[in-house]
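Before any comments, here is the structure.
The values are calculated or read from the model by the stated rules, or taken from the named source; none is laboratory data. Here the structure is a predicted model, which is why all the values come from computation and not from measurement. Here the Cβ positions follow ideal geometry from the backbone for every residue, glycine too, while neighbour counts run over all protein chains shown.
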């Protein structure tokens with residue numbers, strides 16, 4: 001009699017199944033919890049200021065600004081990826097930008113991070129995107145090593161620039177004074 005699963009036949013435990021699914025409005029509390037866990041991991045919990053209702057509006061309202069996929073291991077949500085489209089003028093095509101990817105510590109090593117990235121890469125190709133990009137903190141050596149192993153390359157010749165808070169308001173005020 002043939003056994004369908006070689007791991008079962010050898011007595012080895014079968015790895016838990018991995019599933020990636022689009023988030024729904026019912027996932028908002030989970031998304032909020034995962035964002036808080038990510039911020040804690042990145043030592044940036046003091047910078048988390050979002051309002052869950054506003055976040056829900058931007059994710060699931062009439063004009064969504066970003067999308068989320070939930071990663072499950074063995075049927076249990078263990079991670080997420082939040083992403084949105086950007087645009088390359090040089091390519092003349094959209095790109096996919098990964099804002100956040102997080103896998104809970106207990107699920108690391110199960111292949112969920114790789115599955116989330118592969119899912120988004122396929123989504124980028126399905127949507128005719130020219131690029132799939134993200135940023136990683138320079139101290140996060142485990143993630144940098146993981147991304148390098150997947151074939152990602154650092155864009156060392158680019159520097160991320162940001163204005164926010166009072167500086168953003170001051171810059172916008174210049175438009176009013178024209």
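Values computed for the structure shown
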| quantity | calculated |
| --- | --- |
| Only listed residue being modelled with pLDDT of 95 or more and either touching a strand residue (DSSP E or B) at 6+ places or on another chain (Cβ under 7 Å) or over 21 Å from residue 74 (Cα atoms) (or both), chosen from 39, 2 | 39 |
| Some residue of segment 78-85 being farther than 30 Å from residue 165 by Cα and either part of a strand (DSSP E or B) or in contact with a helix residue (DSSP H, G or I) (Cβ under 7 Å, 6 or more places away or on another chain) (or both) | yes |
| Search result, residues across segment 48-68 that are surrounded by 13 or more Cβ atoms within 10 Å (Cβ to Cβ) and touching a residue at least 24 places away in the same chain (Cβ under 8 Å) | 55, 56, 59, 60, 66, 67, 68 |
| Residue within segment 115-124 that is at pLDDT 95 or above, in a strand (DSSP E or B) and under 14 Å from residue 134 (Cβ atoms) present | no |
| Test for residue 71: is it in contact (Cβ under 8 Å) with a residue 12 or more places away in the chain, over 21 Å from residue 35 (Cβ atoms) and not in a helix (DSSP H, G or I) | no |
| Single condition residue 104 does not satisfy, out of (1) surrounded by 12 or more Cβ atoms within 10 Å (Cβ to Cβ); (2) without any contact (Cβ under 8 Å) to a residue 60 or more places away in the chain; (3) more than 10 Å from the chain's Cα centre (by Cα) | (2) |
| Among the residues listed as 174, 137, the single one being farther than 27 Å from residue 41 by Cα and either loosely packed, with under 13 Cβ neighbours inside 10 Å or touching a residue at least 24 places away in the same chain (Cβ under 8 Å) (or both) | 174 |
| Any hit, segment 153-169, residues being outside any helix (DSSP H, G or I), surrounded by 13 or more Cβ atoms within 10 Å (Cβ to Cβ) and touching a strand residue (DSSP E or B) at 6+ places or on another chain (Cβ under 9 Å) | no |
| Residue list for segment 98-114, restricted to those being in a helix (DSSP H, G or I) and closer than 10 Å to residue 72 by Cα | 107, 112 |
